[in-house]
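The structure appears right after this line, and notes come after that.
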Amino acid sequence: MTTTTRGFSGRRRARPEGNRVPPGQFVTDDFPVLSAGPTPRTPLEKWTLALQDGGSLAGRWTWEEFQSLPQTEITVDIHCVTKWSKLGTKWKGVTIDHLIEAAGLDEPPEPYLMAYCDGGYTTNLPVEDLIGGKGMVATHYDGEPLEPEHGGPARLLVPHLYFWKSAKWVRRLRFMEHDEPGFWESLGYHIYGDPWREQRYDGD
Amino acid sequence: MTATEAALRPPAGAGGRRLAWRPAEVVERMAETRRATTLVLDVPGWPGHLAGQHVDVRLTAEDGYQAQRSYSIASPPKAPRLALTVERLEGGEVSPWLAGEARPGDRFELRGPIGGYFTWSVAMSRPLMLVAGGSGVVPLMAMLRHRAASGDAGRAVHARLLYSARAVADIIYHQELQRLSVEPGGPEINLTLTRERPPDGWQGFDRRIDAPTLAAAGVAPEMDPDVYVCGPTPMVEAVANALVGLGYEPARIRTERFGPTGEG
Amino acid sequence: MSAEGERSTLDGNAAGGLLREVFAFDATVAPTTCVGCGRTRPMAELMLYAIELGAILRCPSCDQPVVRIGRTSRGLWLDLRGATTVVAADPATP
């Protein structure tokens, strides 16, 4: 038995007309912060991004080198598994396509990828969800350098999947032959996380 | 089984050890400060609690949307009604309803009591040192009320509260604290203001709680007090570190942090 | 209190209700030993993150996730790899 509370509607109640927002999601104008640990603050001079093929290093960029890679701007809607969606967010960064190219690879060597982050967070993704312009390592949000609490200096951005897949503070991307669960995927969250099929939890 | 353990056990027929969500009805609301409100609740079947414990509150919208947060219990263990004091957080989701909208007759759900760590009972008998920041005073007030309601056993426990607030108008339970402090055997109350310049005749401190404030207003470490620190995270950490530096026994320092999370 | 909009990291006290869904005892008082640094403290003293998704309780000394709980529509997923031991004792009588 649940008691309905008079006059309480909650904060995230707006659901726009049409099909712009996935099922079960509500639109927010805020940018809620959700972290599994303290916010790391890696100085840019110590920051690197590594691309790893199994056990071997395929590419590695310092912050300066990363800035010289082709930059892409996108405007996308993002969807958090906690049921907020944020519309029309503007990002800038380097697409996974450009990273693979910059590493001198003709094509992705393996079908899956694990993202590793400062603070120990991980998340797994199929590579086909990252290439073809679908994923990037983002360093700017809304025209400004990405703030640490939102994943700065750099986060993964895979907007067509639930936002826990867009790992904050990303430092290493490892290609792998078989899919493996990351941090939340090991705790009952969905291995793939498609918001349009409402794949929030294992078994959805 | 001690009284403490008895109080922590759910009543017979509660359906196992899991905490049940219970309907709660607002009986009375009292404005404490411009941002804090006390709600007095009727909770059928409430099993009783210890001073310092909290409850989880769950609000349900008509379309089924739910939001849940934790709030400290302000009432002492044997009070006839459960009371929560809630501070409204800007941009929050649950606290604006509880502190602003809730009226007598309104209903929501809660579960509890929760938490055996940040609890105190007069049976512990050692001197009691309480350090509060902002609405962190709420669970500590439950302890002082419990002490005041315990007669000679309460008066036998030497007690001091050091409480920091932004401004005089933000001091929750101000009159009650003053009243308690002048009662025979009452606790010693020290206030400090962190944002507002103190008014003329101010008897308290006018700085954030630091080692010198604790040394001046605390129970001396040689008296081996039980120490309870509750407030926003930076305040709790600063105070806990200062206490250890002053020689307080770390195992007797209990801390509870609270404040807005990312989603308010 | 914290400035408006500022975030606070809570501690294991705030996970007490969730922990009571997982454990048959009050885990907030349970001495819990961190795999990372070997220190033992009650779960109430661990730092709490991600309460929106479950709870990640981290060691305040070394940041190791000691207790991980994922809240799903089909139940709570508990990962205790970060704890060498959890002692389910009656609360110590001080």
- Count of residues meeting criterion [more than 8 Å from chain C (Cβ to nearest Cβ) and within 22 Å of B:A156 (Cα to Cα)] in the range B:101-131: 11
- Query: Which ones in the range C:3-19 are at the interface with chain B (Cβ under 7 Å from one of its Cβ atoms) and at pLDDT 95 or above?
  - Reply: C:D11, C:N13, C:A14, C:G16, C:G17
- The correct count of residues that are free of Cβ contacts under 8 Å to residues at least 40 places away in the same chain and farther than 18 Å from A:C117 by Cα in the range A:162-197 is 4
- Of all residues in the range A:98-108, which are open to solvent by less than 50 Å² (accessible area, probe 1.4 Å) and not hydrophobic (A, V, I, L, M, F, W, C)? A:P108
- Identify all residues within the range C:17-69 that are β-branched (V, I, T) and under 20 Å from A:S35 (Cβ atoms); write none if there are none. C:I51, C:I56, C:V66, C:V67, C:I69
- Task: Considering only the range A:130-151, state which residues are open to solvent by 10 Å² or more (accessible area, probe 1.4 Å) and more than 14 Å from every other protein chain (Cβ to nearest Cβ).
- Result: A:I131, A:G132, A:G133, A:K134, A:H140, A:Y141, A:D142, A:G143, A:E144, A:P145, A:L146
- Go through the range B:18-37 and give me each residue that's within 18 Å of the chain's Cα centre (by Cα) and not in a loop (DSSP other than H, G, I, E, B). B:R29, B:M30, B:A31, B:A36, B:T37
- Query: Here are some residues: B:G92, B:G64, B:G45. Which one is without any contact (Cβ under 8 Å) to a residue 40 or more places away in the chain, closer than 23 Å to A:F26 by Cα, assigned to a loop (DSSP other than H, G, I, E, B) and among the small types (G, A, S)?
  - Reply: B:G64
- Message: Restricting to the range B:244-259, name every residue that is within 14 Å of chain C (Cβ to nearest Cβ) and open to solvent by less than 20 Å² (accessible area, probe 1.4 Å).
- Response: B:I253, B:T255, B:E256, B:G259
- Message: Need pairs with beta-carbon distance below 9 Å; first residue more than 17 Å from B:V57 (Cβ to Cβ) and polar (S, T, N, Q) and within the range B:11-28, second surrounded by 13 or more Cβ atoms within 10 Å (Cβ to Cβ) and at pLDDT 50 or above; sequence gap 6+ or separate chains.
- Response: none
- Task: Please enumerate the residues belonging to the range B:52-84 that are hydroxyl-bearing (S, T, Y) and within 10 Å of another protein chain (Cβ to nearest Cβ).
- Result: B:T60, B:Y65, B:S70, B:S72
- Message: I'm checking my understanding of the structure. Among residues of the range B:116-133 that are touching a residue at least 60 places away in the same chain (Cβ under 8 Å) and open to solvent by 10 Å² or more (accessible area, probe 1.4 Å), which one is farthest from B:V236 (Cα to Cα)?
- Response: B:A123
- Message: Tell me the residue from B:R166, B:R195, B:R179 that is out of contact with any Asp or Glu (no Cβ under 6 Å at 6 or more places or on another chain), more than 24 Å from B:K78 (Cβ to Cβ) and open to solvent by 70 Å² or more (accessible area, probe 1.4 Å), please.
- Response: B:R195
- Message: Suppose we filter the range B:211-240 for residues that are aliphatic (A, V, I, L, M), open to solvent by 10 Å² or more (accessible area, probe 1.4 Å) and closer than 16 Å to B:G259 by Cα; how many remain?
- Response: 2
- Item | Matching option when the condition is more than 16 Å from B:E93 (Cβ to Cβ) and within 14 Å of chain B (Cβ to nearest Cβ), among A:R15, A:R20 | A:R15
- Query: Is there any pair linking a residue in the range C:22-48 that is more than 21 Å from B:G52 (Cα to Cα) and more than 9 Å from every other protein chain (Cβ to nearest Cβ) to one that is open to solvent by less than 40 Å² (accessible area, probe 1.4 Å) and of a type in the set (S, T, Y), with Cβ under 9 Å and at least six apart or on different chains, and which?
  - Reply: C:R39/C:T33; C:T40/C:T32; C:T40/C:T33
- Within the range A:58-91, how many residues are farther than 27 Å from A:R200 by Cα and surrounded by 15 or more Cβ atoms within 10 Å (Cβ to Cβ)? 8
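The values are calculated or read from the model by the stated rules, or taken from the named source; none is laboratory data. These figures come from a predicted structure and were not determined experimentally. All Cβ positions, even for glycine, are placed from backbone atoms using ideal geometry, and neighbour counts span all protein chains on display. In case anyone asks, the SASA skips ligands and DNA or RNA and just uses the protein heavy atoms, side chains included. Shrake-Rupley method; radii C 1.70, N 1.55, O 1.52, S 1.80 Å.
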